[in-house]
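Here is the structure we will look at, set down as structure tokens.
Derivation of every value follows stated rules applied to the coordinates shown; laboratory data play no part. Note that the coordinates shown come from a computational prediction; the quantities given were computed from them, not determined experimentally. Every residue, glycine as well, gets a Cβ built from its backbone with ideal geometry; the counts of neighbours run over all protein chains shown.
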Amino acid sequence: MQELTLQHIKDAKENIKGVAKRTQLLECSGLSEISKNRVFLKLENLQKTGSFKIRGAYNKICHLTEEEKKCGVIASSAGNHAQGVALGAKAQGIDATIVMPANAPLAKVKATKSYGANVVLHGNVYDDAYAKAVEIQKETGATFLHPFDDVYVAAGQGTIGLEILEDLEEVDVVLVPIGGGGIISGIACALKELKPSVKVIGVEAASAPSMKRAVENKGSLLIDSKPTIADGIGVRKVGDFTYKCVEKYVDEIVTVEEEEIAQAILFLIEKDKVIAEGAGAVCVAALLNNKIKEEGKNVVSVVSGGNIDVNLMDRIIDKALMKEGRRFYLNTIIPDKSGELVKLIDVISKLKANIFSINQTNLRAEVHLGYQSVELVLESFGQDHMDEIVQELKTHGYEVSIG
């Protein structure tokens with residue numbers, strides 16, 4: 001595979017004109033204050049198809065021969081590359097088949113179908129879908145479009161780097177999500193070739209740190225990963241091509257935990273009215289949780305996509321609120337007598353906590369005769385308020401455990 005160059009990225013910029021949006025930089029005062037930097041968000045969640053992937057997918061399609069186009073295209077994707085390929089193929093009248101994990105967010109599956117692609121659901125992770133796509137490609141002769149390990153795909157994603165430099169020439173640090181490595185390869189190449197002083201930091205989900213492990217291993221390898229709400233970057237093996245780009249251009253890789261990603265999604269919604277999917281929020285998660293040891297710098301955080309599954313939103317927000325101490329599960333025991341629950345509620349209400357839900361029972365085996373188990377979900381103003389509630393309940397004689 002040929003080496004990625006700045007010229008590849010400049011050519012891609014011309015190819016995707018009129019197809020991909022030129023997305024904006026949004027200054028984020030909340031993140032700036034927390035991180036002690038001047039932080040900007042590169043809003044690829046506002047891109048056509050809701051993700052940066054249209055850039056690389058369409059640029060790759062522009063480089064197909066007429067014979068390859070006639071054979072149709074096939075791709076594997078957790079969702080965002082799928083939509084990019086489907087839209088790009090539709091724009092050029094090419095048949096497209098996309099293989100996605102069976103547990104891919106329904107919103108991404110539906111959107112991919114809406115662009116006219118044939119969708120095949122297979123396996124539980126991206127790598128399963130990739131294996132199935134390779135199998136179908138051999139059977140049909142369709143042209144395979146890899147989601148990240150391809151010079152033209154990476155070049156398309158690299159146009160984000162060109163836009164960042166055009167809009168913020170004095171940029172010091174750029175944070176980029178890492179899944180298979182396509183987006184960071186392209187962005188890092190563009191930035192380092194034009195302004196070598198820019199520090200490029202990759203951010204991975206701690207549940208799937210495939211690039212971090214590859215760097216430690218000095219080569220890509222298949223890792224054991226765990227499910228992650230950042231499904232768009234839940235990749236078990238990075239590309240050989242993208243690994244080489246990261247080795248050449250990227251300064252540092254950090255990881256973020258699931259609760260930190262959830263917290264970042266909520267932060268973006270509340271503070272900036274920005275909807276980001278898990279993969280799109282990992283860079284913000286890194287800033288919120290002091291993973292980036294920089295101060296006084298101009299920092300760009302790439303919000304790579306906004307295709308979040310609304311069916312998961314309540315669980316993600318619940319996880320985020322729990323991390324911040326704004327929602328917590330409290331268990332206690334009260335006498336099985338009339339009025340005892342009211343007394344408990346009275347203590348809580350005087351502390352201005354909101355009872356989100358409550359469940360009481362005397363049927364649990366571990367609860368002694370004459371007592372009831374009470375489980376509450378409470379909403380508080382934060383960790384200090386939560387601690388105050390727990391302490392006050394203990395002062396009133398309640399045995400309390402936080403679930």
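How large is the convex hull of the C-alpha atoms of segment 54-144 per residue, in Å³?
Dividing the Cα hull volume of segment 54-144 by its residues yields 73 Å³.
State to the nearest 20 debye the size of the charge dipole of segment 260-403 about its Cα centre, where the only charges are +1 on K and R beta carbons and -1 on D and E beta carbons.
Approximately 140 debye in magnitude.
Once every DSSP H run of n ≥ 4 in the chain is given -39500 (n - 2.57) and the sum is divided by its residues, what mean residue ellipticity at 222 nm do you get, rounded to the nearest 500 deg cm²/dmol?
The helix contribution divided over the chain gives -13500 deg cm²/dmol.
Give the average over all directions of the projected area of the C-alpha convex hull of segment 325-402, one decimal, in nm².
Mean projected area of the Cα convex hull: 4.7 nm².
May I ask which residue of GLY123, ALA111, THR143 lies farthest towards the positive end of the charge dipole of segment 54-144, with charges of +1 (Lys, Arg) and -1 (Asp, Glu) on Cβ and the Cα centre as origin?
ALA111
Enumerate the residues in segment 205-239 having an amide nitrogen under 18 Å from the point lying 7 Å beyond the Cα of MET313 toward its Cβ.
Flagged as within label range: 229-231.
Which pairs break 19 Å Cα to Cα here: LYS36/LYS199; LYS48/LYS110; LYS138/LYS226; LYS218/LYS248; LYS271/LYS319?
Too far apart for the 19 Å limit: LYS138/LYS226.
Quick one: length gained pulling ASP224 to LYS36 fully straight, 0.36 nm per residue minus the C-alpha distance?
64.1 nm
Hey, what did segment 129-232 get for relative contact order, percent, Cα under 8 Å, at least 6 apart?
Over segment 129-232, the number comes to 22 percent.
How many nm separate the modelled label positions at ASP240 and GLN24, each set 7 Å beyond the Cα in the direction of the Cβ?
My value for the distance between the label points is 4.4 nm.
Any idea which of THR228, HIS8, THR23 is furthest toward the positive side of the dipole for the chain, if Lys and Arg beta-carbons carry +1 and Asp and Glu beta-carbons -1?
About the Cα centre, the residue reaching furthest to the positive side is HIS8.
Trypsin sites (Lys or Arg not before Pro) within segment 202-295: which are DSSP loop residues with at most 10 other Cβ atoms inside 10 Å?
When the trypsin sites (Lys or Arg not before Pro) of segment 202-295 are filtered for loop state and at most 10 Cβ neighbours within 10 Å, LYS218, LYS273, LYS293 remain.
Considering Cα pairs under 8 angstrom that are at least six residues apart, work out the relative contact order of the chain and quote it in whole percent.
Over the chain, the number comes to 16 percent.
Out of these labelled values of P(r) over Cα pairs in 20 Å bins from 0, in percent, (1) 27, 48, 20, 5, 0; (2) 28, 55, 17, 0; (3) 21, 37, 30, 10, 2, 0, which was calculated from the coordinates shown here?
(1)
In whole Å, what three semi-axes, largest first, describe the equivalent ellipsoid of segment 1-81 built from its Cα gyration tensor (square root of 5 times each eigenvalue)?
Equivalent-ellipsoid dimensions as semi-axes: 32, 15, 12 Å.
Using amide H atoms built 1.01 Å from N in the peptide plane, name the residues 5+ places from LYS297, or on other chains, whose amide H lies under 5 Å from its own.
For LYS297, the qualifying residues are ARG38.
Points 7 angstrom from Cα along the Cβ direction at THR361 and LYS110: gap in nanometres?
Taking the two extended label points, one gets 3.4 nm.
Any idea what Rg and Dmax come out to for segment 179-331 if you just take the C-alpha atoms, in Å?
Both quantities, over Cα of segment 179-331: 15.8, 57 Å.
Is there a quick way to get the dipole size of segment 108-187? I mean about its Cα centre, with the Cβ of Lys and Arg at +1 and of Asp and Glu at -1; what is the value in debye to the nearest 20?
700
Starting from the Cα gyration tensor of segment 242-346, multiply each eigenvalue by 5, take the square root, and state the resulting semi-axes largest first in whole Å.
Calculated on Cα positions only, the semi-axes equal 39, 15, 13 Å.
Using a Gaussian network model on the chain with a 10 Å cutoff between Cα atoms, which of CYS189, CYS283, CYS71 fluctuates the most?
Ranking CYS189, CYS283, CYS71 by mean-square fluctuation puts CYS71 first.
So, counting K/R as plus one and D/E as minus one, what does the shell of residues with Cβ under 10 Å around ASP167 add up to?
-1
Rounded to the nearest 0.05, what FRET efficiency is calculated for SER338 and SER401 with R0 set to 22 Å and r the Cβ-Cβ distance?
Approximately 0.35, to the nearest 0.05.
Hey, got the dipole for segment 54-144? About the Cα centre, +1 on K and R Cβ, -1 on D and E Cβ, debye to the nearest 20?
Charge dipole of segment 54-144: 360 debye, to the nearest 20.
Find the percent of Cα-Cα distances in segment 130-214 that exceed 19 Å, and round it to a whole number.
Of all Cα-Cα distances in segment 130-214, 48 percent exceed 19 Å.
Taking 25 Å as R0, compute the FRET efficiency from the Cβ-Cβ separation of GLU259 and GLU379 and round it to 0.05.
Efficiency computed from Cβ-Cβ geometry: 0.90.
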